[in-house]
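Here the structure comes first, spelled out in structure tokens, and everything after it is commentary.
The values are calculated or read from the model by the stated rules, or taken from the named source; none is laboratory data. Computed from a predicted model, the values in this text were never measured in an experiment. Note that we place each Cβ from the backbone using ideal geometry, even for glycine, and neighbour counts take in every protein chain shown.
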Amino acid sequence: MNNELVLVTGGSGFIGAHCILQLLDAGYRVRTTVRSLTREAEVRTMLKAGGAEPGERLSFAAADLTSDAGWSEAVAGCDYVLHVASPFPPGVPKHEDELIIPAREGAPQFAG
């Protein structure tokens, strides 16, 4: 069993969930970010439907791409980061930068 810890941003999303499934299958421990910890049960249900029962090998951290809060705690102790989170607005954005900038600017939080 691999003891390395991988942070996957956006664990409640389509890409994030697939990354988590692959990492768990490969034996990694995974921490994932969600905007609200109330989504943990939903993510675990989605992963179970994908064939995973991660138990304690999966943990959650609350963090949002539009805020600096929570990111230091989310990345603490991680060996790797898969930054696959992307904002998903409730309506059609007026400009593409409303999606691109938060997705791109979320990445520098992990340097250092």
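Can you work out which of the residues in segment 42-61 that are assigned to a helix (DSSP H, G or I), on the phi < 0 side of the Ramachandran plot and free of Cβ contacts under 8 Å to residues at least 24 places away in the same chain is surrounded by the fewest Cβ atoms within 10 Å (Cβ to Cβ)? Lay out the reasoning, then the answer.
Looking only at segment 42-61, we keep the residues that are assigned to a helix (DSSP H, G or I), and these are 42-49, 55-57.
From what is left, the residues that are on the phi < 0 side of the Ramachandran plot are 42-49, 56-57.
Adding the requirement that they be free of Cβ contacts under 8 Å to residues at least 24 places away in the same chain leaves 44-45, 48-49, 56.
Values: Arg44: 17, Thr45: 10, Lys48: 11, Ala49: 9, Glu56: 6.
By that ranking, first place goes to Glu56.
Which residue pairs have Cβ atoms closer than 8 Å, lie 6 or more positions apart in sequence or on different chains, and pair a first residue in segment 62-84 that is on the phi > 0 side of the Ramachandran plot with a second residue that is surrounded by 13 or more Cβ atoms within 10 Å (Cβ to Cβ)?
Gly70/Thr33; Gly70/Ala61; Gly70/Ala62; Gly70/Ala63; Gly70/Asp64; Gly77/Leu5
Does Thr66 satisfy being polar (S, T, N, Q), farther than 14 Å from Val8 by Cα and touching a helix residue (DSSP H, G or I) at 6+ places or on another chain (Cβ under 8 Å)?
Taking the combined requirement at face value, the residue satisfies it.
Could you grab me the full set of residues in segment 4-15 that are in contact with a strand residue (DSSP E or B) (Cβ under 6 Å, 6 or more places away or on another chain), modelled with pLDDT of 95 or more and surrounded by fewer than 24 Cβ atoms within 10 Å (Cβ to Cβ)?
Scanning segment 4-15 gives Leu5, Val6.
Would you check if Ser36 is touching a strand residue (DSSP E or B) at 6+ places or on another chain (Cβ under 7 Å), polar (S, T, N, Q) and either at pLDDT below 95 or exposed (fewer than 12 other Cβ atoms within 10 Å of the Cβ) (or both)?
Numbers: touching a strand residue (DSSP E or B) at 6+ places or on another chain (Cβ under 7 Å): yes; polar (S, T, N, Q): yes; either at pLDDT below 95 or exposed (fewer than 12 other Cβ atoms within 10 Å of the Cβ) (or both): yes.
It is true that Ser36 is touching a strand residue (DSSP E or B) at 6+ places or on another chain (Cβ under 7 Å), polar (S, T, N, Q) and either at pLDDT below 95 or exposed (fewer than 12 other Cβ atoms within 10 Å of the Cβ) (or both).
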